[in-house]
Amino acid sequence: MIVILSPSLLSADFAELGRELRDLEKAGLGWLHLDVMDGAFVPNITFGPPLIKSLRAQSGLFFDVHLMIEEPARYIDAFVAAGSDLLVVHAEADRHLERTLSAIRAHHCKAGLALNPGTDLGVLRWLAQDLDLVLIMSVNPGFSGQTFLPASIGKIRACRALLDSLGFSQVVIEVDGGACPENARELVEAGADILVSGSAFFSHPPYASRLAAFEAACQGQRRSSAALAWKTQEARLV
């Protein structure tokens, strides 16, 4: 597959999380997107390190942890200890981004930066050297099942061009919000390497068939070198 698909746990059956993770692995998925919300940065509350730790004991999936929380630096140690492979913090939620991103990498964990729909790409000029991934929010964060914002396509394209111009073509782009087989090809053409899909994935079992639908949508697209490098890391990094 040209991109990595990272199903969002928020849309899974919370009464059967262990089974859900096993089913994802059996279906050929390698990643799991975990949305951590604090009720302050976004108007929703989800879960924290204890749940991630319990899932880590049951799964070899790559844990793509998206911290939608205020002052995320306070919790880096806890989320790394819980078993995160990638920690993504929001540009809008941290006053000292370079320090926070460096702290994540010091733990031998991948570091990502998320940008809300209204946040300009300019911050990447000064932080690209500290990044492994940029997460473009294609909906306003806080709830699953929202409608994809069309302006995100141009932002993804501009993000890819900016990273390449700065000499950081190895930094991958993840897109979160409204991704589905119907728009997957356009997202990949714009420069997306990783697609987060919640209700558009979990609401369409069996999971192997849904994965195949995403793959078919992207058929024939050139695989980026950045995506190739991360594709080999669909198992846990640490």
request  = Take PHE63 and decide whether it is part of a loop (DSSP other than H, G, I, E, B), aromatic (Phe, Trp, Tyr) and crowded, with 18+ Cβ neighbours inside 10 Å.
outcome  = no
Flag if PHE47 is of a type in the set (Phe, Trp, Tyr) and either assigned to a helix (DSSP H, G or I) or surrounded by fewer than 20 Cβ atoms within 10 Å (Cβ to Cβ) (or both) = yes
ask   = Looking at ALA57, ALA91, ALA82, which is the one that is closer than 21 Å to ASP132 by Cα and over 16 Å from the mean Cα position of the chain (by Cα)?
value = ALA82
task = Evaluate the following for PHE41: is it modelled with pLDDT of 95 or more, closer than 19 Å to GLY198 by Cβ and aromatic (Phe, Trp, Tyr)?
result = yes
request  = Tally the residues that are assigned to a helix (DSSP H, G or I) and among the acidic types (Asp, Glu), restricting the search to segment 152-199.
outcome  = 4
key: Residue check, LEU34 of a type outside the set (Gly, Ala, Ser), in a helix (DSSP H, G or I) and either closer than 18 Å to ASP85 by Cα or touching an Asp or Glu at 6+ places or on another chain (Cβ under 7 Å) (or both)   = no
note = If we keep only residues of segment 201-220 that are of a type in the set (A, V, I, L, M) and touching a residue at least 40 places away in the same chain (Cβ under 8 Å), then the residue farthest from LEU5 (Cα to Cα) is ALA208
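The values are calculated or read from the model by the stated rules, or taken from the named source; none is laboratory data. Quick caveat: nothing in here was measured; it's all calculated off a predicted structure. Using ideal geometry, Cβ is built from the backbone for each residue, glycine included, and neighbour counts are taken over all protein chains shown.
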